[in-house]
Amino acid sequence: MILKSLGSTEVKIPEIGFGTWQYNGGVEPLRKGIDLGAFLIDTAEMYGTEGIVGSAIQGLGDQVFVATKVSGTHLKHDEVLRAAESSLKRLATDTIDLYQIHWPDPRVPVKETMRAMETLVDRKMVKFIGVSNFSVKQLQDARKSMDKYCIVSNQVEYHLMDRAIEESLLPYCEKNDITILAYSPLARGRLTSKPMLRHRKAMGVLQEVANQTGKTMAQVALNWCNAKPNVVSIPKTDKVERIIENCGASGWRLSAEQVRSLDRAFR
Ligand code: NAP
């Protein structure tokens, strides 16, 4: 499993982690992922999966890196503190490795939210601060409003069928040492199922690259995301065999020409 730095920190995270939105697989697939080196697990207060993640990581201590999120409806100062306390209880742990703002709320001053996030780090309830679904402008405002700590990550949608971040967000994050956690990296399953008419040609190229590399389409799609230096991806699956398959998306690299042909096909 290839590891990447988390933001500008010394901490290393695997380039394949596991998402748990609509996760119903129980403890076993998550443990299998951890065994295979995919020790980053992403959850959120609104997913209803912090409890199962808590069960999967019991007794594993520093061997896992747990990312959870405060909902965008809880961004007032005291709401953030309460949400973190509740997440810690559900996760049955003392510290959240990465605490992310799930989505921005323009009605709450970002300074107020970031002050609460910094308090959580001061209190050792949280190790690192991240955000999700933030634009460049929202990131700039949030970063300006922080006194002591940095934003280490931004979790956003990124996959072959949605490349919107490539225009400005991805370069901004790369320049400022902010890790992108790519969500829905398999386009919610669309990159591995029978293509709709408008994607048929591009999916043919994905299949061709899979044939050339001896990998599956899911593995190629994930490897394509992770080819960017500051991107890690967090696919979700309920199935142990797919956990194994998705972990096999790391440890090798598509050639520059293969990346270019996928770029062209899905442009
Ligand atoms: P995804 O990971 O792109 O796709 C998940 C779908 O792909 C599931 O239907 C899964 O089915 C299937 N799948 C997984 N591995 C596969 C494989 N090797 N072959 C074929 N099918 C496979 O989509 P996602 O769940 O939307 O995104 C992943 C994670 O990102 C979420 O769980 C969540 O943690 C995060 N996320 C965050 C936000 C945000 O606002 N921050 C929004 C959306 C998602 P099975 O389970 O049946 O295998």
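The values are calculated or read from the model by the stated rules, or taken from the named source; none is laboratory data. Please read these numbers as outputs of a predicted model, since none were measured by experiment. FYI the Cβ positions are ideal-geometry reconstructions off the backbone, even for glycines, and counts take in every protein chain you see. Heavy atoms of the whole protein, side chains included, go into the accessibility calculation; ligands, DNA and RNA do not. Shrake-Rupley method; radii C 1.70, N 1.55, O 1.52, S 1.80 Å.
The set of residues in region 125-147 being in a loop (DSSP other than H, G, I, E, B) and either in contact with a strand residue (DSSP E or B) (Cβ under 6 Å, 6 or more places away or on another chain) or within 24 Å of Glu167 (Cα to Cα) (or both) consists of Asn133, Phe134, Ser135.
Can you tell me which residue is modelled with the highest pLDDT among those in region 177-189 that are open to solvent by 40 Å² or more (accessible area, probe 1.4 Å) and near the ligand (Cβ under 8 Å from one of its atoms)? Looking at the filtered set, the residue picked out is Tyr183. Restricted to strands (runs of 3 or more DSSP E) entirely inside region 1-58, those with at least 2 residues that are away from the ligand (no atom under 13 Å from the Cβ), surrounded by fewer than 24 Cβ atoms within 10 Å (Cβ to Cβ) and not charged (D, E, K, R) are 3-5. Taking every residue in region 51-70 that is more than 21 Å from Asn154 (Cα to Cα) and pairing it with any residue that is open to solvent by 50 Å² or more (accessible area, probe 1.4 Å) and within 15 Å of the ligand (Cβ to nearest atom), at least 6 positions away or on another chain, the pairs with Cβ-Cβ distances below 9 Å are Ile52/Asn24; Ala56/Glu28. Filtered by the rule that a residue be crowded, with 17+ Cβ neighbours inside 10 Å and of a type in the set (A, V, I, L, M), region 190-209 gives Leu191, Ala202, Met203, Val205, Leu206, Val209. The set of residues in region 148-175 that are hydrophobic (A, V, I, L, M, F, W, C) and either open to solvent by less than 50 Å² (accessible area, probe 1.4 Å) or part of a strand (DSSP E or B) (or both) comprises Ile151, Val152, Val156, Leu160, Met161, Ile165, Leu169, Leu170, Cys173. Kindly check whether there is at least one residue in region 196-204 that is touching a Cys at 6+ places or on another chain (Cβ under 7 Å) and closer than 21 Å to Leu262 by Cβ. No, region 196-204 contains no residue that is touching a Cys at 6+ places or on another chain (Cβ under 7 Å) and closer than 21 Å to Leu262 by Cβ.
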